Amino acid sequence: MKKFFQVLIIAMIAIALLGGCKRGSSKIKIGVAISSFNDTFLMYMKDGMEEYAASLGENVSVTYVDGKEDAAKQLEQVENFITQGMKSIVVVPVNTQATKPITDACIKAKVNLVYVNRLPNYLPEGVVFVGSDSIKAGLLQMEYLADKLDGKGNVVVMMGKLDNEAAVARTEGVKQICDKYPELQVTKQQTAEWSRAKGMTLMENWLATGDPIAAVASNNDDMALGAIKALEAAGKLDEIMVAGIDATKDALVELEKGKLTCTVFQDASGQGSGSIKAAYDLATGVTVEKEVWIPFQLVTPENYKDFMN
């Protein structure tokens, strides 16, 4: 009888150990490949990802990697995620026109794929996008500027990276509004690659030409803040309006000071949490819409306090 109980205890321990192994192996692993950790907005978005991931509990593990604005490096990172057994992969693409290798690799490996913030030009069935409709940001931004300018003046556009869908679409939104006004025109457009420092340099170069400028429509806040620094140094900030997109904390501070004319709220936390939710749902067999849209909102001196938190 004693021997029987010993065997029974050993069997129970074995069953418990096996059960523990099974539970451990069921942990959902999600890999997140972000185009650049140096982008202010994307780091706010990462905060939203981390907050939502934490709410899912210890059964979910999320790993983040920095693509350093290198498309080849990002592809390698995604391939590593696949090798590591990630159930889902979330990508902020470095180049929205070169995502096919990433997408094809995930489809071949039967790994769930969610793109966030930047809409790729290749989005086959089964692949999800979470983000905002970029052209609407340009429309909102330029509608406000056009009203402040009484429909007259030269507008210069600071573009993000030219291989990013957001830069192209936001610029298109600006142009669509300008086309409505015979005396309002885009006279210059050039990339500052989403960078505050490059935005400052580009604004200095434009000022050096001596050409008249009524307003700067920037594809994001960082470039707009760079433009403001250049305009302040040249004593031109009172003469030229500057508008951004993203409603980052730094931008709202400049809006409060009266230096930034307006910005457009892009919900970083909403996009971040939405992408992790989509990745988790796909990993657990829940149906997810192919495109999940997070709306933009215009931020002005009249309502900026609503966005300060």
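Per-structure values
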| item | result |
| --- | --- |
| Output for the range 42-55, where each listed residue is hydrophobic (A, V, I, L, M, F, W, C) and within 17 Å of Val116 (Cβ to Cβ) | Leu42, Met43, Met45, Met49, Ala53 |
| Every residue from the range 153-193 that is modelled with pLDDT of 95 or more, assigned to a helix (DSSP H, G or I) and among the hydrophobic types (A, V, I, L, M, F, W, C) | Ala167, Val168, Ala169, Val174, Ile177, Cys178 |
| Options Leu255, Leu282: the member that is in the same structural domain as Val116 (by TED's automatic domain parsing), touching a residue at least 40 places away in the same chain (Cβ under 8 Å) and more than 18 Å from the chain's Cα centre (by Cα) | Leu282 |
| Test set (1) among the acidic types (Asp, Glu); (2) out of contact with any Pro (no Cβ under 8 Å at 6 or more places or on another chain); (3) touching a residue at least 24 places away in the same chain (Cβ under 8 Å) - Asp179 fails condition number | (3) |
| Residue within the range 215-227 that is in a loop (DSSP other than H, G, I, E, B) and either under 24 Å from the mean Cα position of the chain (by Cα) or in contact (Cβ under 8 Å) with a residue 24 or more places away in the chain (or both) present | yes |
| Filter result for Gly274 (surrounded by fewer than 21 Cβ atoms within 10 Å (Cβ to Cβ), part of a helix (DSSP H, G or I), touching a residue at least 60 places away in the same chain (Cβ under 8 Å) and on the phi < 0 side of the Ramachandran plot) | no |
| Top-ranked residue in the range 285-309 [being more than 20 Å from the chain's Cα centre (by Cα) and within 19 Å of Val242 (Cβ to Cβ); ranked as surrounded by the fewest Cβ atoms within 10 Å (Cβ to Cβ)] | Glu302 |
| Every residue from the range 228-251 that is in a helix (DSSP H, G or I), within 23 Å of Met43 (Cα to Cα) and out of contact with any Leu (no Cβ under 8 Å at 6 or more places or on another chain) | Lys229, Lys249 |
| Flag for Met49 being at pLDDT 95 or above and under 19 Å from the mean Cα position of the chain (by Cα) | yes |
| Selected residue (only one of Val128, Val90 is farther than 12 Å from Val32 by Cα and touching a helix residue (DSSP H, G or I) at 6+ places or on another chain (Cβ under 6 Å)) | Val128 |
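The values are calculated or read from the model by the stated rules, or taken from the named source; none is laboratory data. Predicted, not measured: the structure shown is a model, and the values here were computed from it. Backbone-built Cβ (ideal geometry, glycine too); neighbour counts: all protein chains shown.
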